[in-house]
1. Kindly check whether there is at least one residue in segment A:57-64 that is assigned to a loop (DSSP other than H, G, I, E, B) and more than 8 Å from chain B (Cβ to nearest Cβ).
2. Specify which of the listed residues (B:297, B:233, B:307) is within 14 Å of chain A (Cβ to nearest Cβ), among the basic types (Lys, Arg) and touching a Leu at 6+ places or on another chain (Cβ under 9 Å).
3. Just a yes or no: is a residue in segment B:210-225 within 14 Å of chain A (Cβ to nearest Cβ) and without any contact (Cβ under 8 Å) to a residue 40 or more places away in the chain?
4. Any residue at all in segment A:136-143 that is surrounded by 18 or more Cβ atoms within 10 Å (Cβ to Cβ), without any contact (Cβ under 8 Å) to a residue 24 or more places away in the chain and out of contact with any Lys or Arg (no Cβ under 8 Å at 6 or more places or on another chain)?
5. Taking helices (runs of 4 or more DSSP H) that do not extend beyond segment A:122-225, which have at least 2 residues that are of a type in the set (A, V, I, L, M, F, W, C) and more than 25 Å from residue A:111 (Cα to Cα)?
6. Being within 14 Å of chain B (Cβ to nearest Cβ) and either assigned to a helix (DSSP H, G or I) or more than 11 Å from ligand 2 (Cβ to nearest atom) (or both) is true for just one of A:43, A:73. Which residue is that?
7. Say we look at segment A:111-159 and pick out the residues that are β-branched (Val, Ile, Thr) and more than 15 Å from the chain's Cα centre (by Cα); which of these is modelled with the lowest pLDDT?
8. In segment A:59-96, which residues are closer than 19 Å to residue A:34 by Cα, aliphatic (A, V, I, L, M) and open to solvent by 10 Å² or more (accessible area, probe 1.4 Å)?
Amino acid sequence: MEYDENGVSIVPFEFKKEIFEEARKDFRYEEYVRGCLNCGVCTGGCPPHRFFDFSPRIVLQNMKSKDPELIWTMMDEYIWACFQCFTCAMICPFLNNPGGVIAILREIAVRRGFESAKKVLKPYSRVLLKLTAYGNQLSPDMIQPDFFPDWGPHIGYASTDLPTKRKAIPMPTLQVTNLAWDVAPETMKELYDIFDEAGVFKIIESVDPSLYEIIQDIVDDVRSS
Amino acid sequence: MAENILVIGGGPAGMQSATLLADLGVNVSLVERDSYLGGNPKKFKYKFLFPDMQPADNVIGELIRKTETNSNIKIYYSSEVSDFKENGKKFDVTIKSPNGNETKTFDSVIVATGFEHFDPARDAKYSYQLFDDVIDIKDLERMFGEGNVNRPSNGQPPKNVAFILCVGSRDRHVGNQYCSRVCCTVSVKQAIELREHFPDCEVYIFYMDIRTYGFFEDLYWEAMEEHDVQIVKGRVAEITSGPNNTVICKGEDTLLRGPFEIPFDMVVLASGMEGGPQSPEMAKKLGLELDEHGFLKPQNVTLAPFKSNKKGVFLAGACTGPKAISDSITEGGAAAMDAYVYAMKNK
Ligand SMILES: Cc1cc2nc3c(=O)[nH]c(=O)nc-3n(C[C@H](O)[C@H](O)[C@H](O)COP(=O)(O)OP(=O)(O)OC[C@H]3O[C@@H](n4cnc5c(N)ncnc54)[C@H](O)[C@@H]3O)c2cc1C
Ligand code: SF4
Ligand code: SF4
Ligand code: SF4
C-alpha cells in the first residue's frame, strides 16, 4: 500500500474502478438506478438527512456519474449514515432506490472487510457471539453502561443487580441473565447451516477474524454434540 | 346541400372548430357534456390568462358568444354521444340530450373532449383535502375568479404561500410520467397575481425544472425580478401540519439550504392534466386509439396531429395531450380544415 505525506493510504484508481464495477454488476443495480432528476424528494423524506450531511440524492447522482472516485468517497462513512428505512425508494417519483444502492455498497464493504465495515459492525460482535452461541439475539447480561449509550441515561442503573431484577419480572423467565429463551441444539444446527449457505460465517471472518475463531469453536462444539 | 359535421366538446378547441366550420356554411352540431360552453377555463372561472394576463373573457367569453350566436351551430348542452356507427364514409350518430335522443348522419367528426385536472388527493404526501389551506392551481384560479383568495381555513390573508410544481405529473408513482406543460406557467402567473394582491405576502415556488417554454419565459423572469417570487430547487417530499394553523413543507433545497421544513399559510399544488374518463370513453365509443398516457392518440404526432386512426374522425385540443389555450385554438382550426376537406371529398 502506498501512503501520501500525511500517512493516508493512497487507493489506486484501478481498485476504485473495481469496486464500482462490482456494484454495477449486482443483480439489483438496474432496478435500483434509473433516471434521476435531482428533485430531492428522497432526501426530503430521509430521516438521517435531518441530522447529518447525508443525502440519498447524492448517492444516486454519484452512482449515475459512473465516476469511481465519487463512488469511492462514499465507501468510508457516507453509506453508513443510512437507516435502511427505504423511505427514499417509496417516494422517489422515478422509482429509484437509493437505499438499495447503499445496501449494495455496504455489502461490498462487508464482503471485502473494509475498515469502515469493521468499525460499524464492532458493537454488534457481542450480538453475533450471543446469537451463534445461544441462538439469542439479546440477553439481560448484555445491558452494560459502556455499550449502546443510545439506550438512555438509566442504562447504568438498569445494568446493576440483574439477577434480582430478573426475578422480579412477574412472568415466567429462565431465571438466568445470560439467556432470554432456550434454543434447542437442533435449531442451532439449522441456524449454522443457514449461516453457511448465506455466507454469514465468511463475512464474520473478514470483518472480525478473532470473533470468527471464537465462534468457530462454539459451532464445532454444538455440531459435534 | 351543406355538409353536416359533429363537434364533441365545447371547450376552446371545440368552439374554434365549430365557429370556423359554421362560417364556411357547414351545419355544425356541437355536443357538450356540461350545461354551458367554455370547457375547463369556464368551469374553473379562469380570470386572467397567461402569457399576457389578458382577461379570460376576451378569449373564452368571446368564443362562447361567437358560438352561441352562430345560426349554423346547433348546440346540445348537457348531452352526450350515445351511439356511433360508421355508415360508408359517413357516421350515424345518436345524440342524447335532455330533450331526448336524436340520430343524424355526419360527414365527419371532431373530438375535442379536453382534459381533466389531476386530483391531488391521489398523492397522499401532499395532504390535499386533509388541510384546508392546501389547495391546487385550479382551486386558486377559481378563487381569483370569485374574488376571494384569503386562506380557506380562517378567511385571513396569507403571510406566505408555497407553490409546488409537478403534482401528478412527471411522477411514475401516480402513473403520469409526462410533463403537463402549462402548470409551470400557470403557477408563475398566479404567484405574480398573489404578490400583486397581497404585497406583504412572501411567495415561494418549489420546482424540479421550470418549464415556461418559449415566450412564457418572460413571465418567469417577471416573477423573479419584479415581484420578488422566491424560486427554490427541490420537490417537496411531505406536507404536515405546523404550529399556529400552518402547513409545513418538508424537502431538500438541492442547491442552497439543504434540508428545509418551512411553515406556510397556504400551499398551492400545481396539479397537472390527465386524459380523464372521457378519453377512454371516446376511444371506446368511436373506435379510436388511446396512447400510453391516457390521451387520444393521433395517427402521426408530427405529420398528422389532428387525424385519429379512424378516417373521418379528427382530434383537437387537450384531448391529445396537455397544451395551452392558444395551441388548443390553433388545433381547433386545423382539425376544422381536416374535417372540412374530408367532408367535401366524400360528398
Ligand atoms: C389551472 C389551469 C390554468 C390554465 N390557464 C391557462 C392560461 O392562462 N392560458 C392558457 O393558454 N392555457 C391555460 N390552461 C390550459 C387550458 O385550460 C387548456 O389549454 C384548454 O382548456 C384546452 O381546451 P380544450 O377545448 O382542448 O379542452 P377543455 O377545456 O377541457 O374542454 C373540453 C370540453 O369538452 C367537454 N367534454 C368532455 N367530455 C365530453 C363528452 N364525453 N361529451 C361531450 N362533451 C365533453 C367538457 O365538458 C369541456 O367543455 C390552464 C390549465 C390549467 C390546468
Ligand atoms: S433508506 Fe437510507 S437513504 Fe433511504 S430514506 Fe432511509 S435512511 Fe435515507
Ligand atoms: S427522489 Fe429519485 S429522482 Fe428525485 S433526487 Fe431522489 S433519486 Fe433522484
Ligand atoms: S409544466 Fe412545469 S409543473 Fe407542469 S409538469 Fe411540466 S415541469 Fe412540472
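1. Restricting attention to segment A:57-64, the residues satisfying the condition of being assigned to a loop (DSSP other than H, G, I, E, B) are none.
No, that holds for no residue.
2. B:233
3. Yes.
4. Taking every residue of segment A:136-143 in turn, at least one turns out to be surrounded by 18 or more Cβ atoms within 10 Å (Cβ to Cβ), without any contact (Cβ under 8 Å) to a residue 24 or more places away in the chain and out of contact with any Lys or Arg (no Cβ under 8 Å at 6 or more places or on another chain).
5. A:155-158, A:162-168
6. Exactly one of A:43, A:73 is within 14 Å of chain B (Cβ to nearest Cβ) and either assigned to a helix (DSSP H, G or I) or more than 11 Å from ligand 2 (Cβ to nearest atom) (or both), namely A:43.
7. Step one: filter segment A:111-159 for residues β-branched (Val, Ile, Thr), giving A:120, A:127, A:132, A:143, A:155.
Checking the rest, the ones that are also more than 15 Å from the chain's Cα centre (by Cα) come to A:132, A:143, A:155.
Values: A:132: 89, A:143: 79, A:155: 82.
Of everything passing the filter in segment A:111-159, A:143 is modelled with the lowest pLDDT.
8. Answer for segment A:59-96, where residues must be closer than 19 Å to residue A:34 by Cα, aliphatic (A, V, I, L, M) and open to solvent by 10 Å² or more (accessible area, probe 1.4 Å): A:70, A:89, A:90, A:91, A:95.
The values are calculated or read from the model by the stated rules, or taken from the named source; none is laboratory data. Please read all numbers here as calculations on a predicted model, not as lab measurements. Positions of Cβ are backbone-derived with ideal geometry, glycine not excepted, and every protein chain shown enters the neighbour counts. In case anyone asks, the SASA skips ligands and DNA or RNA and just uses the protein heavy atoms, side chains included. Shrake-Rupley method; radii C 1.70, N 1.55, O 1.52, S 1.80 Å.
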